[in-house]
Amino acid sequence: MPAIVLVGAQWGDEGKGKATDLLGSVVDYVVKYNGGNNAGHTIVVGDQTYALHLLPSGILTPGVVPVIGNGVVIDPAVLFTEIDALEKRGIDTSRLVVSANAHLIAPYHRTIDKVAERFLGGARLGTTGRGIGPTYADKMSRVGVRVQDLFDEKILRQKIEGALELKNHLLVKVYNRRAITVDEVAEEFLAYAERLRPMTADTGLLLGRALDEGKTVLLEGGQATLLDVDHGTYPFVTSSNPTAGGACTGSGIPPTRIERVIAVVKAYTTRVGSGPFPTELTDADGVKLRTDGAEFGTTTGRPRRCGWYDAVVARFAARVNGVTDFVLTKLDVLTGWERIPVCVAYDVDGVRHDEMPMTQTDFHHARPVYELFEGWDEDISDARTLDDLPKNAQQYIKALEEMSGAPISAVGVGPGRDETVQLRSLV
Ligand code: GDP
Ligand code: IMO
Ligand code: MG
């Protein structure tokens, strides 16, 4: 079997964790390829609820090998806190493999993330404050510290020294904070070295061999298409590439081995943090969506901004990621609306746009052009086939499929593993 990529189609929190978990029984490896503990995936298995941040969602499935790829940024304290919490609940985490090339989040990255946001004032991005952006910035500036550096103390100290040289000037002279010493960072990192060593591997090689042996590899994206640093609503994005292209660079698996790209898309839209959001509802309807969908961040607890489904965004995600299947989630949350608006195009200063505008200035001015669909009142959480769904729900799915650029192969009708209407096989 080839590699499969799973991405978020909107601004995150589409239900990627549940979708990955759903595929857990038919895949051999689940690889997280981007981001870090800015992600938050809530997964419900029976009467147990798990909140994962850094670990791949495949960790919950016995037999699956969870892999943290080279494209991920790792906060080692968070890694072991998550591992320990799962072990305490009886989840075996011993299969976890971590790339030797993944970059480490240092205490100074978290500090800079937070103070930089404060300095931006009204222009702040609303980051998760986990040090994600500054760690990727160091990676690109070639002053990052990687997992493999933990196994050579001399090199580790050199790398930290190199990273701190400029940063301490910045921290002391610009941000008015105290300087950070090489010793304190080295000490913190070295405390994790021995625990990390046995789980560290050349994950590109491992995955290449697994594919050669006919194993199935699922590449799980954190964040989502519109948060991609290249393709998203820059600068209101994260600092990695959650889109399907990022799955290759973030795992070492070449594009020729990827045969399927599954995009998870919510039946409406949410966004956490700052940035443009054409279908956002700032009125009572937005509050109702947030309440009905329990739209509060898994990572920061922040209320998520809510709005209607945006087919322009979905079409964009279909094109950028080469989507072969959509998994439509949280359809049950829309139960009880008389009419459901769907954004089919934008009006930008009097001009209709059927595709994402070229510039962010235009995107900030985009007003949704809505088409209205008839709602339904029936509880749909027990539906398992298309025929179990009310006619209007079926029509909503069909309409979204026609305007979103790829088939909808599964529909979520509740948070539980089994609360899914399967329309086509996903592997
Ligand atoms: P992720 O970051 O993309 O994995 O998504 P989050 O876990 O942050 O947010 C999705 C939330 O919706 C989680 O609380 C899931 O348990 C829940 N969820 C996923 N699919 C469905 C669904 O089809 N219906 C309902 N009601 N909840 C869902
Ligand atoms: P999952 O994987 C939703 C948002 C933050 C902020 C911006 C940059 O659960 O879908 P960062 O800390 O990454 O530098 O913040 O990106 N953001 C997310 N929003 N879901 C996520 O992850 C997110 N990860 C980052 O809110 O606007
Ligand atoms: Mg999330």
(Q) So if I check each of GLY246, GLY286, GLY275, which one is away from ligand 1 (no atom under 11 Å from the Cβ), over 30 Å from GLY204 (Cβ atoms), at pLDDT 95 or above and not in a loop (DSSP other than H, G, I, E, B)? (A) GLY286
Q) Quick check, is LEU86 surrounded by fewer than 23 Cβ atoms within 10 Å (Cβ to Cβ) and either closer than 26 Å to ASP183 by Cβ or not assigned by TED's automatic domain parsing to the domain that holds ALA186 (or both)? A) yes
**Q.** Subset of the stretch 100-151 that is farther than 17 Å from GLY35 by Cα and aromatic (Phe, Trp, Tyr) - its residue that is nearest to the chain's Cα centre (by Cα)
**A.** TYR108
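Would you check if there is a residue in the stretch 280-301 being within 12 Å of ligand 2 (Cβ to nearest atom), under 17 Å from GLY12 (Cβ atoms), free of Cβ contacts under 8 Å to residues at least 12 places away in the same chain and not charged (D, E, K, R)?
Step one: filter the stretch 280-301 for residues within 12 Å of ligand 2 (Cβ to nearest atom), giving 295-301.
In the following step, the residues that additionally are under 17 Å from GLY12 (Cβ atoms) were identified as 295-301.
Filter once more, keeping what is free of Cβ contacts under 8 Å to residues at least 12 places away in the same chain: 296, 301.
Applying the additional criterion that residues be not charged (D, E, K, R) yields 296, 301.
Scanning the stretch 280-301 turns up at least one residue that is within 12 Å of ligand 2 (Cβ to nearest atom), under 17 Å from GLY12 (Cβ atoms), free of Cβ contacts under 8 Å to residues at least 12 places away in the same chain and not charged (D, E, K, R).
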(Q) Test of understanding: among ILE253, ILE262, which residue is of a type in the set (A, V, I, L, M), in contact with a strand residue (DSSP E or B) (Cβ under 9 Å, 6 or more places away or on another chain) and closer than 22 Å to VAL312 by Cα? (A) ILE262
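Looking at the stretch 124-151 only, could you name the residues that are charged (D, E, K, R) and over 16 Å from THR111 (Cα atoms)?
LYS139, ARG142, ARG146, ASP149
Whether any residue in the stretch 146-153 is among the acidic types (Asp, Glu), under 23 Å from ASN70 (Cβ atoms), outside the structural domain of GLY35 (by TED's automatic domain parsing) and crowded, with 20+ Cβ neighbours inside 10 Å is what I want to check. So that I can check it myself, show each step before the final result.
Applying the first criterion (among the acidic types (Asp, Glu)) to the stretch 146-153 yields 149, 152-153.
Checking the rest, the ones that are also under 23 Å from ASN70 (Cβ atoms) come to 149, 152-153.
Retained after the next criterion (residues that are outside the structural domain of GLY35 (by TED's automatic domain parsing)): 149, 152-153.
So of that shortlist, the ones also crowded, with 20+ Cβ neighbours inside 10 Å come out as 149.
Looking through the stretch 146-153, at least one residue is among the acidic types (Asp, Glu), under 23 Å from ASN70 (Cβ atoms), outside the structural domain of GLY35 (by TED's automatic domain parsing) and crowded, with 20+ Cβ neighbours inside 10 Å.
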Q. Pairs under 6 Å by beta carbon, first residue part of a strand (DSSP E or B) in the stretch 250-263, partner of a type in the set (Val, Ile, Thr) and surrounded by fewer than 21 Cβ atoms within 10 Å (Cβ to Cβ), six or more apart or different chains?
A. ARG260/THR324; VAL261/THR324
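The values are calculated or read from the model by the stated rules, or taken from the named source; none is laboratory data. Quick caveat, the model's predicted, so the values are computed rather than measured. Virtual Cβ from ideal backbone geometry, glycine too; neighbours counted across all protein chains shown.
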